[in-house]
Amino acid sequence: RAKAGGRGRVEVFDESLRRQLHDRAQLEQAIRDGLPAGEFVLYYQPVVDMTTAALQGYEALLRWERPGRGLVMPDAFIPTAEQSTLICHLGRWVLDEATREFAHWLEEGEIGAEDDLTVAVNISGRHLASASIVADVKNALLAANLRPERLVLEITETVLLDEPAAAPHLRALRELGVRISIDDFGTGYTSIGQLQYLNADTLKIDKSLVASSRPGAVELVELVVRAAHAFGLNVIAEGVERQDQVPALQRVGCDSAQGYLFSRPQATMGAHPSAADPQLSPASSLNDPVP
Ligand code: C2E
Ligand code: MG
Ligand code: MG
Ligand code: MG
């Protein structure tokens, strides 16, 4: 009896594992086919100055227009892509597309070339550790005819612990003049003291910390900002959704902000609603949907 039950359990386990592997293989294949088919698009979200709300740049965020499934968000396919070198193919496409679109947008002349606007791209640890990353970045910059200073690579704080091979690549990229931004700070295990060793230009404080109303949360953000500044890092608050968050973030010295309050990620650059008056935000079908 016990034996039969045990075998039953094994079969159930086998069945669900088989199903999982099957689903993953299918998703992988769909991504692989979708890339040359033009199913992937970039949305752009403005980063603004915390005190003047002036535009400072954009973050490129990947979306998948999967036939029959609508707009698929990155959390639904990036983790699967990260299980193989597929993430490097996606990453190369994002680098090429973001720099090309940004350079095109600069050439349109909507803003002066003297404005120091940047475009930020998220890079997976696996891609950063791969032998091709430096060439991938160089190629994208060359093809778009974009100065390295215009490009920001966003990496999560745990990448350097998880992917030791990424460290020399990061140094080479910084030597090129590309800027490095530490994403989602406050969700991993990096201590404030470790900020001094981060080879980076910018620190992005994660929205979970920015939005926290727990006692001490504001003081913690202030501590992070002060340490970051002491080590020469600029600080961006992520996920700013409400006007009432702004005074506190200004008070603790956050340099920049990003979030729905200013603009949702949208399919184009340039036409973002006035950051100074988020109330003017137009409802557009090309914006990320309002939940
Ligand atoms: P992330 O890099 O931290 O990007 C910020 C995420 O927060 C985006 O979600 C953005 O749409 C969302 N967000 C922005 N403002 C607000 C706000 O005010 N409130 C809330 N609740 N959310 C806000 P998204 O686009 O779904 O991307 C999720 C994550 O997927 C990104 O987090 C990034 O880690 C990853 N990702 C996106 N695009 C790429 C890519 O091209 N390559 C790689 N490797 N990862 C990507
Ligand atoms: Mg990011
Ligand atoms: Mg983030
Ligand atoms: Mg994130």
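The values are calculated or read from the model by the stated rules, or taken from the named source; none is laboratory data. If you're wondering where the values come from, they're calculated on a predicted model, not measured in any experiment. All Cβ positions, glycine included, derive from the backbone under ideal geometry; neighbour counts span all protein chains shown. With ligands, DNA and RNA removed, areas are computed over all heavy atoms of the protein, side chains included. Shrake-Rupley method; radii C 1.70, N 1.55, O 1.52, S 1.80 Å.
Report whether or not LEU203 is in a strand (DSSP E or B) and within 16 Å of ligand 2 (Cβ to nearest atom). Before you say what the answer is, go through the steps one by one.
Details: in a strand (DSSP E or B): yes; within 16 Å of ligand 2 (Cβ to nearest atom): yes.
For LEU203, the condition - in a strand (DSSP E or B) and within 16 Å of ligand 2 (Cβ to nearest atom) - is met.
One line per residue, one yes/no per condition, for (1) over 24 Å from PRO46 (Cα atoms); (2) among the polar types (S, T, N, Q); (3) buried (at least 18 other Cβ atoms within 10 Å of the Cβ):
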site	(1), (2), (3)
VAL72	no, no, yes
GLU82	yes, no, no
GLU97	no, no, yes
GLY109	no, no, no
LEU141	no, no, yes
ARG147	no, no, no
PRO164	yes, no, no
ALA167	yes, no, no
Just one of the numbered conditions (1) at pLDDT 90 or above; (2) open to solvent by less than 20 Å² (accessible area, probe 1.4 Å); (3) touching a strand residue (DSSP E or B) at 6+ places or on another chain (Cβ under 6 Å) is not true of THR156; which one?
(2)
Being in a strand (DSSP E or B) and open to solvent by less than 30 Å² (accessible area, probe 1.4 Å) is the requirement here; does GLN45 meet it?
yes
List pairs: first residue in the range 142-167 and more than 19 Å from LEU62 (Cβ to Cβ) and of a type in the set (Val, Ile, Thr), second residue at pLDDT below 90 and open to solvent by 70 Å² or more (accessible area, probe 1.4 Å) anywhere in the structure, Cβ distance under 8 angstrom, at least six positions apart or on different chains.
THR158/TYR189
Taking LEU286 as meeting all but one of (1) away from ligand 4 (no atom under 16 Å from the Cβ); (2) at pLDDT 85 or above; (3) over 18 Å from the mean Cα position of the chain (by Cα), write down the number of the exception.
(2)
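Filter the range 237-263 down to the residues that are touching a residue at least 40 places away in the same chain (Cβ under 8 Å) and either open to solvent by 20 Å² or more (accessible area, probe 1.4 Å) or assigned to a loop (DSSP other than H, G, I, E, B) (or both) and list them by number. Steps first, answer last, please.
Start the filter on the range 237-263 by keeping residues that are touching a residue at least 40 places away in the same chain (Cβ under 8 Å), which leaves 237-238, 246, 249-250, 254-259, 262-263.
Once the filter is applied, which keeps residues that are touching a residue at least 40 places away in the same chain (Cβ under 8 Å) and either open to solvent by 20 Å² or more (accessible area, probe 1.4 Å) or assigned to a loop (DSSP other than H, G, I, E, B) (or both), the range 237-263 yields GLU238, GLN250, CYS254, ASP255, GLN258, GLY259, PHE262, SER263.
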Members of the range 125-139 found to be within 16 Å of ligand 3 (Cβ to nearest atom) and surrounded by fewer than 22 Cβ atoms within 10 Å (Cβ to Cβ), listed by number
GLY125
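Suppose the filter is surrounded by fewer than 19 Cβ atoms within 10 Å (Cβ to Cβ) and at pLDDT 95 or above; does GLU59 pass it?
Values: surrounded by fewer than 19 Cβ atoms within 10 Å (Cβ to Cβ): no; at pLDDT 95 or above: yes.
The answer is no for GLU59.
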Any idea which of LEU142, LEU146, LEU195, LEU106 is part of a loop (DSSP other than H, G, I, E, B) and away from ligand 2 (no atom under 16 Å from the Cβ)?
LEU146
Where a residue in the range 7-35 is loosely packed, with under 11 Cβ neighbours inside 10 Å and its partner, wherever it lies, is modelled with pLDDT of 90 or more, with Cβ under 9 Å and at least six apart
ASP33/GLU39
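Suppose we keep only residues that are open to solvent by less than 80 Å² (accessible area, probe 1.4 Å), out of contact with any helix residue (DSSP H, G or I) (no Cβ under 6 Å at 6 or more places or on another chain) and not small (Gly, Ala, Ser) within the range 188-204. Which one would you say is nearest to ligand 4 (Cβ to nearest atom)?
Of the range 188-204, the ones open to solvent by less than 80 Å² (accessible area, probe 1.4 Å) are 188, 190-195, 198-204.
Filter once more, so that each one left must be out of contact with any helix residue (DSSP H, G or I) (no Cβ under 6 Å at 6 or more places or on another chain): 188, 190-191, 193-194, 198, 200-202, 204.
Still in the running and not small (Gly, Ala, Ser): 190, 194, 198, 201-202, 204.
Details: THR190: 15, GLN194: 19, LEU198: 17, ASP201: 19, THR202: 15, LYS204: 9 Å.
It comes out as LYS204.
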